[in-house]
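The values are calculated or read from the model by the stated rules, or taken from the named source; none is laboratory data. Keep in mind the model is a prediction, meaning the values are calculated, not measured. Reconstructed Cβ throughout: ideal geometry from the backbone, glycine too, with neighbour counts over all protein chains shown.
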Amino acid sequence: DLSGSMDTPDMLDPDGNRIQRLDAVKLVLDDFITRREGDRLGVIVFGNQAFLQAPFTQDHDLVRALLDQTRPRLAGPQTMIGD
């Protein structure tokens, strides 16, 4: 989810600092990726529309780099969930 709500700083990092929702997701995904050795991973992002951010690959560094490039509103300012 890259909608505008992911820009809201209502989450806490491991040190207790307030961070954006998207940054919290990135922290969780980094841990998930670390535990998926040998697995192929891909990333689809969405807002108003859905986009393939990272195709299935075993290159976890690439997946991390592409996730790092994601920003709130990159795929549109809102989601179309419920429409």
So Gly76 fits all but one of (1) loosely packed, with under 14 Cβ neighbours inside 10 Å; (2) at positive phi; (3) in contact (Cβ under 8 Å) with a residue 60 or more places away in the chain; (4) not acidic (Asp, Glu); what number is the exception? (1)
Out of region 7-24, which residues are assigned to a loop (DSSP other than H, G, I, E, B) and touching a Leu at 6+ places or on another chain (Cβ under 7 Å)? Asp13
For residues that are without any contact (Cβ under 8 Å) to a residue 24 or more places away in the chain and not polar (S, T, N, Q), tally how many sit in region 26-53. 13
Selection count, region 2-24, where residues are in contact with a Gly (Cβ under 9 Å, 6 or more places away or on another chain) and surrounded by fewer than 16 Cβ atoms within 10 Å (Cβ to Cβ): 1
Is it true that some residue in region 49-59 is charged (D, E, K, R), within 19 Å of Arg21 (Cβ to Cβ) and at pLDDT 90 or above? no
Quick check on this structure: which one of Leu27, Leu62 is at pLDDT 95 or above, assigned to a helix (DSSP H, G or I), surrounded by 12 or more Cβ atoms within 10 Å (Cβ to Cβ) and under 11 Å from the mean Cα position of the chain (by Cα)? Leu27
Single residue of region 30-56 satisfying the filter (surrounded by 16 or more Cβ atoms within 10 Å (Cβ to Cβ), part of a strand (DSSP E or B) and of a type in the set (A, V, I, L, M, F, W, C)) that is farthest from the chain's Cα centre (by Cα): Leu41
